[in-house]
Every structure is written in C-alpha cells, then in structure tokens.
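Remarks on the structure that follows.
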Ligand SMILES: NC(=O)c1ccc[n+]([C@@H]2O[C@H](COP(=O)([O-])OP(=O)(O)OC[C@H]3O[C@@H](n4cnc5c(N)ncnc54)[C@H](OP(=O)(O)O)[C@@H]3O)[C@@H](O)[C@H]2O)c1
C-alpha cells in the first residue's frame, strides 16, 4: 500500500484523487498518517493541473476567476464556475473555463473550492456540497463576508481544511490586497492559499478576529479610494480640466501615492511632508479638506462598513 501511495505521488493530482477513491475505507485507514500528509502536499501543488471551483461567480467570484486566468499559471479547462443563472457567465466561458449551475459537480471535479456567494446564501450552499466534500482531497476557501470558520465547520464538519479570504475586485487585474485567516491548518495549506492569491496581488495572513476590519479597509476600501479619485477629478473639472484629463491625472496621482508607500514602506505623513512646501498650495488645500472632515469622514465610514460587515451573516440563514 505504501508503495502504491508513493507511486501515486508522481501522478497528476486528479488521477491521484480518483485513485484514492478506489481504495475501500478499511484499507485507507491502514495508511500511515505521514502518507496522508504526503497526499495532501501533492494535492496542494498549484500548477496547470490544479482544479479549482468557484461557487457563486458574481462580482468577486468572477474577478477571482479573471485573476487566476490572468496569472497564466492554470489551465482554464480545470477551472469551474457556478451560479444558478449560469447563462449569465457566457462571456467568461469563451476563455475555456467550465460553467454550470451544479455546485456538487463542480466540487467533485476540483480540489480547491472557493465560495463567493452572499452571506445569506452560505448555509444553503454549504449544506448542498457537504456530502461531496472529502477531507483527504478538498480545501475550501470562503470569501463570504462575516461567516466565521467555526460557523462553516458547524455545517461541513471540522475535518475539511477551511480558509477565510478577503480579496478585492482588483484581483482581476493582479492588484488585490487579500487577507487570509485559518485555524489549525497545516503550513502547507496556508502556504498554498498564499501562493494562489500572491499570483493576483498582495497577501497578508491575519487573525480571524481581524477579518471584519480587513474587509472594511481592503475590500470595501476599493470603493472608498475610487470615490476619492472621483472627487479629485470633479475638483479638476471645476478648475478647468476636461473630464477625461481630470480623471486620468487624478487616477495616476492616486497610483503614484500608493506606489510611493509601497516602494518605501513609509508612512503617508512622511510623503505628505515632502509635498507640502511652507505657505504653499498643497498644505492650504489639505488643511481645508481636514477642516471639512476628510479624515473623519473616511474613519467614520470605515467603522460603519465594519459594523455592517459583522452583521451580514446571521446563523440560520438559508
Ligand atoms: N464584491 C466585492 O468586492 C467583494 C469583495 C470581497 C468579498 N466579497 C464577498 O463575496 C460574496 C459575494 O459578493 P459579490 O459582490 O460577488 O456578490 P454577487 O455579485 O451577488 O455574487 C454572488 C453570486 O452567487 C451566486 N449564487 C447565489 N446562490 C448560489 C448558489 N446556491 N449556488 C451557486 N451560485 C449562487 C449568484 O448568482 P445566481 O443568483 O445566478 O445564482 C451571484 O452571482 C459576499 O459575501 C461579499 O461580501 C465581495
């Protein structure tokens, strides 16, 4: 048996999982735990052969799919997207991904299961796929806001490795900030999830307790910064720029500000100090914005978003 499992280690992960299903449960129990760990390590290899299901391909699910395809690291034929109205996915179908509305089939055809439905749809979906989830094969990544790992385990059991992930829609262009949290997972499992999201931006492993705050800044935050860019471009139009020029200048200025922080690892005030000449135009504008409540509005908005994110999922929802 050990030789068979070791030999299987050189096989494609899909064949390996199919092979494991052939062994009767009694004989499976005889395999040493170290060989099961070996199997999971093989499963967690991320390459062209990795099979990924995205259940609930709406705004963020589709963005994740686009990010995965954009990375060029995966074969589109190994990616399955579901939603109940699967005809609405016809555009991305052209890239070669599998599309349907059968979540169970999608899970059975995959090792990595990404769930991106609305919080109120989570319980029903988990109950639906629970019978086909296999602890030896699957890893679940939940993108769903406010659903705790323990609440997921209550439905699918505590044997399936589950990671909570909070990316943002910039994942479709390889620029997501994705926060990950897990409990009691092997290093390999978290490493695999980190590598997956690193392909489409930046990744940070945090405590689950920080997930709501990370949602407000990292996921909702995209909208806050977009609104700031819109406001800047409206200001530009008011002082004489054509709308397209104003938006282009504001967008690149925002990108430049973010790039400065990322490149230097500096604090915003350090960079602001370099722009604000004494008695100059920048400090005059900045101070008026602060007087009008710029920082305060952003902080209060983030706090309210976090409050709302924490209350989106209620136990017992279908
Ligand atoms: N949007 C973001 O930027 C973002 C970022 C991070 C996290 N999130 C979180 O991600 C989740 C999804 O957000 P979203 O904005 O992408 O919402 P969304 O656009 O409404 O997407 C949810 C998708 O799930 C599908 N769905 C619902 N029930 C299903 C089921 N039983 N089986 C398969 N598919 C099902 C829906 O399509 P059908 O009605 O056709 O089934 C819909 O396309 C939420 O929990 C949200 O908080 C969102």
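The values are calculated or read from the model by the stated rules, or taken from the named source; none is laboratory data. Worth saying up front: this structure is predicted, and the values here are computed from it rather than measured. Here the Cβ is made from the backbone with ideal geometry for all residues, glycine too, and neighbour counts use every protein chain on show.
Matching residues to (1) closer than 18 Å to residue 52 by Cβ; (2) in contact (Cβ under 8 Å) with a residue 12 or more places away in the chain; (3) in the same structural domain as residue 129 (by TED's automatic domain parsing):
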site: 161; (1), (2), (3): yes, yes, yes
site: 168; (1), (2), (3): no, yes, yes
site: 173; (1), (2), (3): no, yes, yes
site: 180; (1), (2), (3): yes, yes, yes
site: 186; (1), (2), (3): no, yes, yes
site: 197; (1), (2), (3): yes, yes, yes
site: 200; (1), (2), (3): yes, yes, yes
site: 215; (1), (2), (3): no, yes, no
site: 225; (1), (2), (3): no, yes, no
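Of all residues in segment 145-190, those that are closer than 17 Å to residue 209 by Cβ and part of a loop (DSSP other than H, G, I, E, B) total 7. Residues in segment 110-124 that are assigned to a loop (DSSP other than H, G, I, E, B) and closer than 15 Å to residue 57 by Cβ: 110, 116, 117, 118.
Residues checked against (1) away from the ligand (no atom under 11 Å from the Cβ); (2) assigned to a loop (DSSP other than H, G, I, E, B); (3) more than 17 Å from the chain's Cα centre (by Cα):
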| residue | (1), (2), (3) |
| --- | --- |
| 61 | no, no, no |
| 68 | yes, no, no |
| 73 | yes, yes, no |
| 92 | yes, no, yes |
| 106 | no, no, yes |
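Taking residue 130, is it within 14 Å of the ligand (Cβ to nearest atom) and either within 24 Å of residue 314 (Cβ to Cβ) or loosely packed, with under 15 Cβ neighbours inside 10 Å (or both)? Yes, satisfied.
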